[in-house]
Structures are given as C-alpha cells and as structure tokens.
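K.L.:
Encoded as structure tokens, here's the structure I'll be asking about.
No value in this document is a laboratory result; all are computed from the given coordinates. Please read these numbers as outputs of a predicted model, since none were measured by experiment. Note that we place each Cβ from the backbone using ideal geometry, even for glycine, and neighbour counts take in every protein chain shown.
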Amino acid sequence: MYKTIDIKVLDNYKLWVKFNDGEEKVVDVLPFLNKGIAKDLLDSKKFSEVKIDSGGGIYWSNGYDFCPNYLKTL
C-alpha cells in the first residue's frame, strides 16, 4: 500500500505529493471542489491546511480526504 510522506500546497489548488515509493507528483484538486463539503476548500486558507493522516492519506479539517492509492492514479 502506498502512503503519502510529504505534501506541499501549490498555487491554483494544486498539491505536490511525495509517496513512500519515492514517486513525486503534482495533483490538481480543483476539479474535485465543486460540490458538498469539498466546496469549503475553495477558500484558499482552508485548502492550505491539508494534512497527512496516519494511514498515509491526506485530509482537511472539514472531513474531506483522499486515500494515497487514489492520489497515485491522478
């Protein structure tokens, strides 16, 4: 199973993500922020508060999250 080990917030709702297998990629999150609880993250301050959870996924305080295996496919 993959895990996110580092993350950086970039401009335009993009994230730089590093995985435990050494892969690094830029993920565009904007297409996912158009409905439900994800809309809260259109506030750039809230978006910038992304964290890595103990399972290696990423999440925000409003409960929105991505598992690392899905992030690898984006």
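K.L.:
Which of the residues belonging to region 51-74 are closer than 14 Å to Leu15 by Cβ and in contact (Cβ under 8 Å) with a residue 60 or more places away in the chain?
P.N.:
Within region 51-74, Pro68, Leu71, Lys72 meet the criteria.
K.L.:
So, of the residues in region 5-44 that are aliphatic (A, V, I, L, M) and part of a loop (DSSP other than H, G, I, E, B), which turns out to be surrounded by the most Cβ atoms within 10 Å (Cβ to Cβ)?
P.N.:
Among residues in region 5-44 that are aliphatic (A, V, I, L, M) and part of a loop (DSSP other than H, G, I, E, B), the one surrounded by the most Cβ atoms within 10 Å (Cβ to Cβ) is Val29.
K.L.:
Give just the number: which of (1) among the aliphatic types (A, V, I, L, M); (2) touching a helix residue (DSSP H, G or I) at 6+ places or on another chain (Cβ under 9 Å); (3) more than 15 Å from Cys67 (Cβ to Cβ) does Leu15 not satisfy?
P.N.:
If we test Leu15 against (1) among the aliphatic types (A, V, I, L, M); (2) touching a helix residue (DSSP H, G or I) at 6+ places or on another chain (Cβ under 9 Å); (3) more than 15 Å from Cys67 (Cβ to Cβ), just (3) comes out false.
K.L.:
Among the residues of region 45-74, how many are part of a strand (DSSP E or B) and not hydrophobic (A, V, I, L, M, F, W, C)?
P.N.:
3
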